[in-house]
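Reading through the structure tokens given below for one structure.
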Amino acid sequence: MSVQPIEEVRKVLEYAVTEIPSQKILLGMPNYGYDWTLPYTRGTAASGIGFTAALDTALRYNSEILYDEKSQTPYFYYTENGVRHVVWFDDAKSIDAKLRLIDEFDLAGASYWTINRCFIPNWEIAQNLFEIIR
């Protein structure tokens, strides 16, 4: 499933703002996705994948990128060496939906879990929505 399904983030924020002043909360933003081997077996780990690498993988395997409306997250399937995979990641649309939670819940801002993977649409969306303070 998604690294950060928006409906689950919303539930956490709905509770968090009842216990913590909203201006003290930063929305955690992942900067990676997961590549799962199928069929999923409980206890198996997925491989982390950057958003650009996810798109490159989808292109390499000619995979159709699908969009899960409930989680507000794109995903796709591919097969490599006879092994089926599903990749969940973020794109411009899902990043925009998540960043808009900052204003919805009057949060202090966002903080990225892994800043070392560059995905230009991520920064463009953030710059269009907010004043960036480093």
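The values are calculated or read from the model by the stated rules, or taken from the named source; none is laboratory data. Owing to the predicted nature of the structure, the values given are computational and were not obtained by experimental measurement. All Cβ positions, even for glycine, are placed from backbone atoms using ideal geometry, and neighbour counts span all protein chains on display.
Can you tell me which residue among Asp35, Asp91 is among the acidic types (Asp, Glu), in contact with a strand residue (DSSP E or B) (Cβ under 9 Å, 6 or more places away or on another chain), under 19 Å from Tyr112 (Cα atoms) and in contact (Cβ under 8 Å) with a residue 12 or more places away in the chain? Write out each step before concluding.
Working: Asp35 fails: under 19 Å from Tyr112 (Cα atoms).
Checking each option against the conditions leaves just Asp91.
Checked against (1) at pLDDT below 95; (2) closer than 26 Å to Phe130 by Cβ, Ala45 meets all criteria but (2).
Among the conditions (1) out of contact with any Leu (no Cβ under 9 Å at 6 or more places or on another chain); (2) loosely packed, with under 14 Cβ neighbours inside 10 Å, Leu26 misses just one, which is (1). In the set (1) within 23 Å of Leu101 (Cα to Cα); (2) touching a residue at least 12 places away in the same chain (Cβ under 8 Å); (3) surrounded by fewer than 18 Cβ atoms within 10 Å (Cβ to Cβ), Pro74 fails one condition alone, (3).
Screening the candidates Asn128, Asn122, Asn116 for the property of being at pLDDT below 95 and in a loop (DSSP other than H, G, I, E, B) yields one hit, Asn116. Looking at segment 1-105, the strands (runs of 3 or more DSSP E) lying wholly inside it that each contain 3 or more residues that are more than 15 Å from the chain's Cα centre (by Cα) sit at 73-80, 83-88.
Remark: pairs (first residue in segment 45-70, closer than 14 Å to Ser94 by Cα; second residue among the hydroxyl-bearing types (Ser, Thr, Tyr) and at pLDDT 95 or above; Cβ separation under 6 Å; 6+ apart in sequence or on different chains) = Leu66/Tyr75.
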